[in-house]
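So the structure is just underneath, and the comments pick up after that.
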There are 2 protein chains.
Amino acid sequence: MDRLTALQVFRQVAELNSFAEAGRRLGLSPPAISKNIAELEADLGVRLINRTTRRMALTEEGRIYLEHVTQGLDALARADQVLGPIKTAPSGTLRVSAPMTVTLTRLSAAMPAFLSRYPDLKLDLHLDDRRVDIVREGFDLAIRGSDNLEDSSLVARKLAIMPHVICAAPSYFEKHGRPKTPADLKAANCIRFSLSGHADIWEFRKDGRAERIAIDGRYSVSSSLAVRDALRAGFGVSLIPYLYVESDLKAGRLQSALDDWDKVETTLYAVYPARQHLAPKIRVFLDFLIEEFSRDKEKPFVPPRREGSAKRGVGEATDAENQAEILPAISSP
Amino acid sequence: MDRLTALQVFRQVAELNSFAEAGRRLGLSPPAISKNIAELEADLGVRLINRTTRRMALTEEGRIYLEHVTQGLDALARADQVLGPIKTAPSGTLRVSAPMTVTLTRLSAAMPAFLSRYPDLKLDLHLDDRRVDIVREGFDLAIRGSDNLEDSSLVARKLAIMPHVICAAPSYFEKHGRPKTPADLKAANCIRFSLSGHADIWEFRKDGRAERIAIDGRYSVSSSLAVRDALRAGFGVSLIPYLYVESDLKAGRLQSALDDWDKVETTLYAVYPARQHLAPKIRVFLDFLIEEFSRDKEKPFVPPRREGSAKRGVGEATDAENQAEILPAISSP
DNA sequence: AGACATTATTTACTAGAAGAGAATGGTGAG
DNA sequence: CTCACCATTCTCTTCTAGTAAATAATGTCT
């Protein structure tokens, strides 16, 4: 039997002093009320209500039981009520894990605006280029690049595509020469972002032809910002998201190379545990991310590339592609 | 869905941090756990637990919900626990309604012994010769004679049979003559116990013949003790339970008449609301009553009566007859 | 690395229960 | 004294809660 409804029936009957009236209030037929009370009594082995067809009164046991039951039911009702506002408006603490560099270069400036839009929301933003276990560490959402994607049973929402460029400082190219083909990179001092999924092998495509170059170099570091610093210093060449070096390229501090080859595109995803019953705080942050990255549509930047094969820039993914999708596990070959 | 089990499942899962383990503890299969959680979440519209196949963690909403749910479940569990001792040992307050005279003459002397046998029990004994509505007035048990029995849907347990005698003071008989036949009573000054079911018509039987005598008299009173006082004073004649006048008859203060006729027998019943889930306090009092009235078996008193048709005295009912029985309504003809 | 074990979930499928409706017996009010 | 209402019983239907088997995912232990 459904104990909870039985208890609610008991309470209602006790308060109204009538089986029939309780039935009407609860939307149950008189037989249902009778049965519930009788089963509850049978279950407890205690008579709770003395009743004739015309009159009813709680037994002493019934009064004692009712007292505790009322407390319990009220507490449970309160539990449901507490969820009401949470279910509707963003509140509580939002724990987000995001990669360091893309956040600092593209996102963190907008965070205060986001937070002031939702006054009841607290944000706990962890900048970490590692791929964190968002369930174990209790994150509501993580931003990660496709090179770091592995979890399945999580939902991933595409945020942006980040084209990469091969670049170095003009001084570096002057000293070591500007690579004309991907193979030229084998001899170059390649600065590697160690946490990237494609740290040691850089892949290039052109006219359906793919070249996978195992690169090497003297500097491997776990932050793209450090990579950029090294590039600026003319220490070597690297494959790096265009976004991170956009201003450097425009200012001439860095120069790109191999522009007529297609390079890796890291797709940026928002990853969260489930699509069902998405908490408003997450929903709202997700919308913020989408809105923020789609801002590039208005002032699109297009990385230098060869003619006739223009790729979409960051935030230019189509609506269809932007549908969240369950990611299949990426099985390593 | 059964919300209560869903909540218990949720709690257990949260505490053990494992669906499978919770299932084992609760005696449910893993799918049942999954379904319960999923349905609870669907019902609330809130995700409570983030989970992969390998790891799970409460969401912030889950933690908040759990807190209240735990309180509620604990309160409900306490409700059940509180009933435990009550269900086992007699405790609380026992409210009993009993007729004045039989209680004072036969029962009240033994009450202290009964109460000291059950230290946790309080007795609220209402001496009232009216037929009270035991449900409306919240009595656990009522003692009443068969002449006062009318309730149905109540359980009645036979306690004793109370034979009646026709008697008066010797002085009365000397002055007004001793009745030889029931019809002689029509002329007598009959003292009536007004609350009796047979106050105005006294019935006699002999050899299958029944005589119903409509009697009259100058004194009608609502207490049998007052009737006895009047008898002792030689004011009139009355039909009265033998028990009430036993000592008077033995001492010669009163004398019986019409001994060769069978007279009314009031059967004494214990009446209580239900046989199912009989509270120990009631069970124990019922046993006390039965034991107390059965004491007469050892020193039986037999009212004076004609030879060859000896009736059973108080407490001599057979075991089979002592089975509690649901009383049919006594429909007046 | 790879086989294994454990875990959460999905999909049928089934036993059981919860509730409605009709009928019954009982009770108070007008 | 009739009427209306009430609690209960019985029967029946529907729906649900559970299991078993199968699947997918993931951590662990040689």
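The values are calculated or read from the model by the stated rules, or taken from the named source; none is laboratory data. None of these values were measured; they are calculated from a predicted model. Heads up, the Cβs are rebuilt from the backbone with ideal geometry, glycines too, and the neighbour counts pull from every protein chain shown. Only protein heavy atoms, including side chains, enter the accessible area calculation; ligands, DNA and RNA are left aside. Shrake-Rupley method; radii C 1.70, N 1.55, O 1.52, S 1.80 Å.
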- Within the range A:258-287, can you find the residues that are within 24 Å of B:R63 (Cα to Cα) and at pLDDT below 85? A:A274, A:R275, A:Q276
- Task: Evaluate the following for B:Q276: is it within 14 Å of chain A (Cβ to nearest Cβ) and among the polar types (S, T, N, Q)?
- Result: yes
- Identify, please: which residue in the range A:139-160 is within 16 Å of DNA strand C (Cβ to nearest atom) and open to solvent by 30 Å² or more (accessible area, probe 1.4 Å) and is, among those, modelled with the lowest pLDDT? A:D151
- Would you tally the residues in the range A:8-28 being open to solvent by 60 Å² or more (accessible area, probe 1.4 Å) and within 9 Å of DNA strand D (Cβ to nearest atom)? 2
- Message: Would you confirm whether or not the range A:19-38 contains a residue that is facing chain B (nearest Cβ under 10 Å), farther than 30 Å from A:H277 by Cα and in a helix (DSSP H, G or I)?
- Response: yes
- Residue within the range A:197-205 that is at pLDDT 90 or above and not in a strand (DSSP E or B) present: no
- Any idea which of (1) surrounded by fewer than 19 Cβ atoms within 10 Å (Cβ to Cβ); (2) within 16 Å of DNA strand D (Cβ to nearest atom); (3) among the small types (G, A, S) is the one B:G45 doesn't satisfy? (2)
- Item | Neighbours by Cβ (under 9 Å, 6+ apart or cross-chain): first from the range A:51-62, over 20 Å from B:P90 (Cβ atoms); second of a type in the set (S, T, Y) and more than 7 Å from DNA strand D (Cβ to nearest atom) | A:R51/B:S153; A:T52/B:S152; A:T52/B:S153; A:T53/B:S153
- (1) open to solvent by 30 Å² or more (accessible area, probe 1.4 Å); (2) within 16 Å of DNA strand D (Cβ to nearest atom); (3) away from chain B (no Cβ under 13 Å); (4) not aromatic (F, W, Y): which one isn't true of A:L125, the others all being true? (2)
- Task: Please find, among B:L16, B:L28, B:L94, B:L48, the residue that is closer than 28 Å to A:T88 by Cβ and either touching a strand residue (DSSP E or B) at 6+ places or on another chain (Cβ under 8 Å) or not β-branched (V, I, T) (or both).
- Result: B:L48
- Failed item, numbered, when A:V227 is tested on (1) without any contact (Cβ under 8 Å) to a residue 40 or more places away in the chain; (2) open to solvent by 10 Å² or more (accessible area, probe 1.4 Å): (2)
- Of everything in the range A:39-60 that's out of contact with any His (no Cβ under 7 Å at 6 or more places or on another chain), facing another protein chain (nearest Cβ under 8 Å) and of a type in the set (K, R), which residue is farthest from DNA strand C (Cβ to nearest atom)? A:R51
- Message: out of contact with any Asp or Glu (no Cβ under 9 Å at 6 or more places or on another chain), within 16 Å of DNA strand C (Cβ to nearest atom) and open to solvent by 50 Å² or more (accessible area, probe 1.4 Å): is that true of B:R131 in this structure?
- Response: no
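Here's the yes/no breakdown for (1) among the polar types (S, T, N, Q); (2) within 22 Å of B:D184 (Cβ to Cβ); (3) without any contact (Cβ under 8 Å) to a residue 12 or more places away in the chain:
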position: B:F235; (1), (2), (3): no, yes, no
position: B:P241; (1), (2), (3): no, yes, no
position: B:V245; (1), (2), (3): no, yes, no
position: B:S256; (1), (2), (3): yes, yes, no
position: B:W261; (1), (2), (3): no, yes, no
position: B:Y269; (1), (2), (3): no, no, no
position: B:H277; (1), (2), (3): no, no, yes
position: B:F285; (1), (2), (3): no, no, no
position: B:E292; (1), (2), (3): no, no, no
- Residue by residue through the range B:232-257, note down the ones that are open to solvent by 10 Å² or more (accessible area, probe 1.4 Å) and in a loop (DSSP other than H, G, I, E, B). B:A233, B:G234, B:F235, B:G252, B:R253
- Task: Output the number of the condition that B:A187 fails; it satisfies all remaining conditions of (1) touching a residue at least 12 places away in the same chain (Cβ under 8 Å); (2) among the hydrophobic types (A, V, I, L, M, F, W, C); (3) closer than 23 Å to B:P170 by Cα.
- Result: (1)
- Task: Tally the residues that are at pLDDT below 85 and buried (at least 21 other Cβ atoms within 10 Å of the Cβ), restricting the search to the range A:168-196.
- Result: 4
